[in-house]
Amino acid sequence: MTLNMISKEDFVKAIDAVRDNWDCEDEMNKVLVDHGNDGYVFLGGRCMDAVINLLHAIFGKADKDEWISYFCFDLDFGRDYHKGTIRDDDGSDIDLFTAEDLYDFLITNLNEE
């Protein structure tokens, strides 16, 4: 059985949906904190995890270092990325400003496998 690779457009849509959910949760929780509530709202944590796990499975060994999760949560969907954050073995920057950059990086990893 041959599987088709996810298109860049569909990959970006999936990452954007996770980001939008993440941002919505964050905004709602800021409102709670502003009103003295120490609770936390989880809108779709399981769904976000499922999307990321599915993308990880699609890319397999190309995402063995969990770049997708790193991009989403450590780099805040690229918003916390800056030149020099990630370098390859020869010292060149690996750009992860956008989900498109992440996709291209994963495809490069996939082609090297």
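The values are calculated or read from the model by the stated rules, or taken from the named source; none is laboratory data. Predicted, not measured: the structure shown is a model, and the values here were computed from it. Quick reminder, even Gly has a Cβ in these numbers, built from the backbone with ideal geometry, and neighbours come from all protein chains shown. Heads up: the accessible areas ignore ligands, DNA and RNA and are worked out on the full protein's heavy atoms, side chains in. Shrake-Rupley method; radii C 1.70, N 1.55, O 1.52, S 1.80 Å.
Of LEU110, LEU32, all but one fail to be within 22 Å of MET5 (Cα to Cα), hydrophobic (A, V, I, L, M, F, W, C), open to solvent by less than 80 Å² (accessible area, probe 1.4 Å) and modelled with pLDDT under 90; the exception is LEU110. Looking for something open to solvent by 60 Å² or more (accessible area, probe 1.4 Å), in a helix (DSSP H, G or I) and β-branched (Val, Ile, Thr) - is there at least one such residue anywhere in the stretch 58-69? Yes, the stretch 58-69 has at least one match.
Taking the stretch 41-57 as the range and being over 14 Å from the mean Cα position of the chain (by Cα) and in a helix (DSSP H, G or I) as the test, only ARG46 passes.
Here is a yes/no grid of residues against (1) among the basic types (Lys, Arg); (2) open to solvent by 60 Å² or more (accessible area, probe 1.4 Å):
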| site | (1), (2) |
| --- | --- |
| VAL18 | no, no |
| MET28 | no, yes |
| ASP38 | no, yes |
| LEU43 | no, yes |
| CYS47 | no, yes |
| LEU54 | no, yes |
| LYS83 | yes, yes |
| ILE94 | no, no |
| PHE97 | no, yes |
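Look at the stretch 16-27: where a residue is β-branched (Val, Ile, Thr) and a partner is part of a helix (DSSP H, G or I) and at pLDDT below 90, sitting 6+ places away or on another chain with Cβ atoms under 7 Å, you get VAL18/MET48. In the stretch 5-16, which residue that is surrounded by fewer than 16 Cβ atoms within 10 Å (Cβ to Cβ) and modelled with pLDDT of 90 or more is nearest to ASP101 (Cα to Cα)? Once the filter is applied, the top-ranked residue is LYS8.
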